[in-house]
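Colleague: Take a look at this one; I'll ask things after.
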Amino acid sequence: MDAAMNCPKCNSEHAYQDGVLWVCPECAHEWSSDAAAAAETAQQAGVRDAHGNPLTDGDSVIVIKDLKVKGSSSVVKGGTKVRNIRLTEGSDGHNIACKIDGIGAMNLKSEFVKKA
């Protein structure tokens, strides 16, 4: 059986189709095959900048608006170029780790940068 037909919750091989939904008899989880395909596409999309361009480790980005630095009186000005970014899994939405000249190491949200 195809891996897409396994239950996404418990990975059971005994899932069956009931109309447009897939049903797992072991954990009673129900899902649609369209939702599973959309979830895979979203995971493959990766991190994107404010304009929708995909970002990768080592890219250079430009900050698109002034950002206040939390816990400090300094500000990262719009137009600041940040080199050699690292993509991270931030639970608070900060998915870019970088070092900015004059400020130091910090995390940024990808929605406030554009690819250089």
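The values are calculated or read from the model by the stated rules, or taken from the named source; none is laboratory data. Being a predicted model, the structure only gives us computed values, none of them experimental. Heads up, the Cβs are rebuilt from the backbone with ideal geometry, glycines too, and the neighbour counts pull from every protein chain shown. We work out accessible area using only protein heavy atoms, side chains counted, and drop any ligands, DNA or RNA first. Shrake-Rupley method; radii C 1.70, N 1.55, O 1.52, S 1.80 Å.
Colleague: Would you pick out the residues in region 59-70 that are open to solvent by 40 Å² or more (accessible area, probe 1.4 Å) and in a loop (DSSP other than H, G, I, E, B)?
Modeller: Residues satisfying the conditions are 64, 65, 66, 70.
Colleague: Out of curiosity, is residue 13 more than 27 Å from residue 116 (Cα to Cα), open to solvent by 60 Å² or more (accessible area, probe 1.4 Å), in contact with a Leu (Cβ under 7 Å, 6 or more places away or on another chain) and at pLDDT 85 or above?
Modeller: When the stated conditions are applied, residue 13 does not pass them.
Colleague: Looking only at region 21-35, filter to residues that are at pLDDT 85 or above and outside any strand (DSSP E or B); which one of those is most open to solvent (accessible area, probe 1.4 Å)?
Modeller: Here the answer is 26.
Colleague: Can you name the residue in region 36-58 that is at pLDDT 85 or above and either more than 30 Å from residue 101 (Cβ to Cβ) or of a type in the set (Val, Ile, Thr) (or both) and is also surrounded by the fewest Cβ atoms within 10 Å (Cβ to Cβ) among such residues? Before you say what the answer is, go through the steps one by one.
Modeller: Of region 36-58, the ones at pLDDT 85 or above are 47-58.
Those left that are additionally either more than 30 Å from residue 101 (Cβ to Cβ) or of a type in the set (Val, Ile, Thr) (or both): 47, 56.
Working: 47: 17, 56: 11.
Looking at residues that are at pLDDT 85 or above and either more than 30 Å from residue 101 (Cβ to Cβ) or of a type in the set (Val, Ile, Thr) (or both), I get 56.
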